[in-house]
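Structure record follows, encoded as structure tokens.
The values are calculated or read from the model by the stated rules, or taken from the named source; none is laboratory data. In this text, all values refer to a predicted model and were calculated from it rather than measured experimentally. Every residue, glycine among them, receives a Cβ derived from its backbone with ideal geometry; neighbour counts consider all protein chains shown. Ligands, DNA and RNA are excluded from the accessible area calculation, which covers all protein heavy atoms including side chains. Shrake-Rupley method; radii C 1.70, N 1.55, O 1.52, S 1.80 Å.
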Amino acid sequence: MTTCWNVKTGLITATCILACSNLFAQKVANYAFGKLGTQAYEHFPFWTEDGKRTRITYTYGKDSKDLTATYAGKGSYQGTPCFKITLPNQQTLYVIPSAYKLQVRNAAKTCNKISNWEYEGPVNGVGTYCEVCTQDEKEAMLLLRKCYLK
């Protein structure tokens with residue numbers, strides 16, 4: 001078990017556990033929209049263990065409120081393969097992997113966001129290395145495709 005520290009905020013962001021890799025039992029791919037510390041910030045950590053989905057959290061807003069999202073299965077959004085997640089308010093979101101980014105949409109088409117992979121670890125030698133975090137956008141997308149789209 002490793003504690004991850006977000007160097008942007010100076011806060012411990014999670015007790016990290018990793019997977020979908022032969023080297024570790026658990027892994028997490030982090031994706032975010034907006035700027036951390038602002039009302040527009042949204043963060044989705046997608047967790048796996050031994051190559052299987054385990055949990056999805058959703059963090060949003062200036063105060064970083066955390067919610068647990070539920071995996072709702074594979075799907076298709078306008079003919080594009082995706083997976084679905086359900087938030088506690090019962091809103092279903094379609095998560096569409098595209099190249100190295102995630103597109104997140106809802107059925108009402110009121111939500112259409114493009115998310116980038118989010119690095120969590122040391123910057124300029126400051127911070128703690130996160131063993132369980134995917135180390136780049138390629139590894140993060142591979143984890144999502146193997147563990148959430150299969």
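Evaluated against (1) touching a residue at least 60 places away in the same chain (Cβ under 8 Å); (2) touching a Pro at 6+ places or on another chain (Cβ under 8 Å); (3) open to solvent by less than 20 Å² (accessible area, probe 1.4 Å); (4) not aromatic (Phe, Trp, Tyr), Leu149 falls short on exactly one condition, (3).
Does at least one position in segment 33-55 carry a residue that is aliphatic (A, V, I, L, M) and at pLDDT 95 or above? No, the conditions are met nowhere in segment 33-55.
Annotation: of all residues in segment 117-144 being open to solvent by 70 Å² or more (accessible area, probe 1.4 Å) and in contact with a strand residue (DSSP E or B) (Cβ under 6 Å, 6 or more places away or on another chain), the one that is nearest to Gly34 (Cα to Cα) is Glu137. Of all residues in segment 45-74, those being farther than 13 Å from Val95 by Cβ and either surrounded by 13 or more Cβ atoms within 10 Å (Cβ to Cβ) or not β-branched (Val, Ile, Thr) (or both) number 18. In segment 105-112, is there at least one residue being open to solvent by 50 Å² or more (accessible area, probe 1.4 Å) and farther than 19 Å from Lys74 by Cα? Scanning segment 105-112, I find at least one residue that is open to solvent by 50 Å² or more (accessible area, probe 1.4 Å) and farther than 19 Å from Lys74 by Cα, so the answer is yes.
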